[in-house]
1. Between Pro242, Pro210, Pro256, which gets the highest mean-square fluctuation from a Gaussian network model of the chain, Cα cutoff 10 Å?
2. What percentage of all Cα-Cα pairs in segment 37-189 are separated by more than 27 Å?
3. Under Stokes-Einstein, with the Kirkwood radius over Cα pairs standing in for Rh, what whole-number D in µm²/s applies to segment 199-241 at 20 °C and 1.002 mPa s?
4. Consider the candidate values (1) 1.06; (2) 1.37; (3) 0.90; state which one is Cα Rg over 2.2 N^0.38 Å computed from the structure displayed.
5. Could you work out which residue, out of Ala19, Ala120, Ala252, moves most in a Gaussian network model of the chain, that is, has the largest mean-square fluctuation with Cα springs under 10 Å?
6. What does the helix-only formula give at 222 nm for the chain: each DSSP H stretch with n ≥ 4 adding -39500 (n - 2.57), the total divided by the residues, and the result rounded to the nearest 500 deg cm²/dmol?
7. As I understand it, the dipole of the chain uses +1 on the Cβ of Lys and Arg and -1 on the Cβ of Asp and Glu, about the Cα centre. Which of Thr211, Gly240, Leu50 lies farthest toward its positive end?
8. Work out from phi, with θ = phi - 60° and the Karplus expression 6.51 cos²θ - 1.76 cosθ + 1.60, the ³J(HN,Hα) of each residue of segment 229-235, listed in order in whole Hz, and give x for Gly and Pro.
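Each value in this text was obtained by applying a stated rule to the coordinates, not by laboratory testing. Everything quoted here is computed from the prediction, not taken from an experiment. We place every Cβ from the backbone using ideal geometry, glycine too, and count neighbours over all the protein chains shown.
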Amino acid sequence: MAETHLPLWRSGRWEPGHALRCYGHIVRMWIRAALAYPASFWMTAVGNMLLSGLDFAVIAVMFLHTHALGGWSLPQVAFLYGTSGLTLGLADLLVGSMDQLGVRVRDGSVDTVLVRPVPALAQIAGDRFALRRLGRVTQSGAVLVWSVAHLHLDWTPLKALLLVSLVICGTVIFGSVFVGGSAFHFFMADAAEVQNSFTYGGATMLQYPPTIYARDIVRGTVYGVPLAFVNWLPALHLLGRPDPLGLPSWYAFASPIAALLCVVVAGLLWRTGIRSYRSTGS
């Protein structure tokens with residue numbers, strides 16, 4: 001079928017306003033469903049928060065036996081942990097349902113998505129919106145606040161803007177990885193583990209200082225999948241730490257550029273995947 005005859009939501013053409021409105025309607029529906037059982041919601045949300053807190057407990061235990069990790073103090077590592085967990089948590093909250101696309105492709109339910117007059121990306125990203133994921137966001141945000149309080153940074157308007165940019169751009173980068181990685185489900189039987197290695201695995205890596213990794217790994221997060229722009233590079237400037245790669249100083253402020261590039265690449269991957277879909281088994 002020629003592209004001009006494809007429905008708007010199937011052809012790959014994009015209307016951001018319409019897509020966001022549809023996404024908002026879907027999210028509100030799932031939030032109402034979750035809050036219909038408040039006891040269950042709060043138990044799962046608190047459980048999610050406590051479970052994610054175990055990661056930081058491991059880091060805290062490490063510092064019972066050492067004063068520094070890769071030359072970084074506990075508040076500095078906590079800053080990395082908080083920003084990594086917060087940005088991943090926000091992206092997971094907003095588009096984390098994308099990792100279920102492989103199941104949809106295999107059982108054929110993507111067909112149902114494509115016949116509705118709603119953008120497929122908005123439907124899949126908003127489907128089964130899990131408000132309980134706020135537990136991770138809350139826990140990581142609390143660690144971030146604690147770290148900032150103990151770092152005694154010399155704040156300037158530029159540093160404050162850089163911190164806000166870090167959270168926003170980091171969320172966009174992780175969200176783009178969720179979307180771009182999910183597009184591979186249209187071509188592979190199950191790409192969930194590959195996707196998770198860059199999202200959850202990437203977030204775990206960013207919780208620790210770049211100085212404990214080989215330089216080639218750090219370079220890969222700068223010039224490959226740009227996860228270093230989530231928190232490593234801005235944090236080096238905020239915390240006054242030397243750059244292990246000796247990159248130009250403006251790299252600390254390049255997170256918006258990296259986020260924009262990630263959005264473009266993720267959009268192209270999604271468009272290619274959705275247009276190549278030929279029902280279950282494709």
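1. Pro242
2. Summing the P(r) tail past 27 Å for segment 37-189 gives 38 percent.
3. Translational D for this selection: 205 µm²/s.
4. Calculated Cα Rg over 2.2 N^0.38 Å: the matching label is (1).
5. For the chain, modelled as a Gaussian network with Cα springs under 10 Å, the answer is Ala19.
6. Taking each H run of at least 4 residues, the total per residue is -21000 deg cm²/dmol.
7. Going by the charge dipole, the pick is Leu50.
8. 7, 5, 8, 4, 5, x, 5
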